[in-house]
Amino acid sequence: MEKNQYKRQRIVFYIHVITEIIAVLLATVAAVLSLKYLDNSLNNLHQRVGLALYGGIWLQALIGILRPHRERKGRNIWNIFHWLLGIGVSFLGVINIYTGLQAYHEKTSKSARIWTIIFIAQICLTIFLYLLQEKRYYIQNQGVILVVQPTDQELSPRNKQKETPPQNCRGLG
């Protein structure tokens, strides 16, 4: 692996770790404030999804800490589980924001329409940036393959040359 690429991967890894630590701390503060100031009877969907989300966030942090070394056999399984759990937690977070906006509307009778529109715009932007990043990664890791098809003039009998294998090729027989 190229030294610059390795350095970039380490930077991205540490950015990932730092942002995840911040997310766990913010979720913990939100849970503490919720327990202290709000009704926590778990009688609405937002509260139940929030509890599942909180458990998923801490499970993700725990398996992140306990990840196997890169050369270990279980690393591939860990990668899949870590990725799937991360996707699940992200999806639950999106659902929980929508259910929270609905709960806010039901509790206060105030419209949450503008917040819903803003959140939809944010989700669309996030998906667009993710797809753009994936396409960039795909293009970088894909070799450029140019397919050149011969023209009719190149296919004429007088332009055809007998193809001979290179000198260093050996027969298979």
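Values in this text are rule-based calculations from the coordinates and carry no lab data. Every value quoted in this text rests on a predicted model; they were computed, and no experiment measured them. Note: ideal-geometry Cβ built from the backbone for every residue, glycine included; neighbour counts use all protein chains shown.
Computed about the Cα centre, the dipole magnitude for the range 16-108 is approximately 380 debye when only Lys and Arg (+1) and Asp and Glu (-1) carry charge, each at its Cβ. Once the C-beta distance of ILE118 and ASN4 is scaled by a Förster radius of 25 Å, the resulting FRET efficiency is 0.05 to the nearest 0.05. In percent, rounded to a whole number, the relative contact order of the range 16-108 is 34, using alpha-carbon pairs under 8 Å and six or more apart. Distances between every pair of Cα atoms in the range 16-108, grouped in 5 Å steps from 0 to the bin holding the largest one, split as 2, 12, 20, 23, 16, 11, 7, 5, 3, 1, 0 percent. Were the residues from TYR37 through PHE13 laid out at 0.36 nm apart, the gain over their Cα-Cα distance would be 5.0 nm. Computed from phi, the 3J(HN,Hα) profile of the range 118-131 under the Karplus parametrisation 6.51, -1.76, 1.60 (θ = phi - 60°) reads 4, 5, 4, 4, 5, 4, 4, 5, 4, 5, 4, 5, 4, 5 Hz, with x in place of Gly and Pro. Computed from phi, the 3J(HN,Hα) profile of the range 79-93 under the Karplus parametrisation 6.51, -1.76, 1.60 (θ = phi - 60°) reads 4, 5, 5, 4, 5, 4, 5, x, 5, x, 5, 4, 4, 4, x Hz, with x in place of Gly and Pro. Relative to a virtual label point 7 Å from the Cα of LEU66 in the Cα→beta-carbon direction, which members of the range 2-35 show backbone nitrogen distances below 19 Å? Flagged as within label range: 21, 24.
Residues VAL94, VAL12, VAL24, VAL89, arranged from fewest to most other Cβ atoms within 10 angstrom of their Cβ, appear as VAL12, VAL94, VAL24, VAL89. Extension gain, LEU85-LEU131: 0.36 nm per intervening residue step, less the Cα-Cα distance, totals 14.6 nm.
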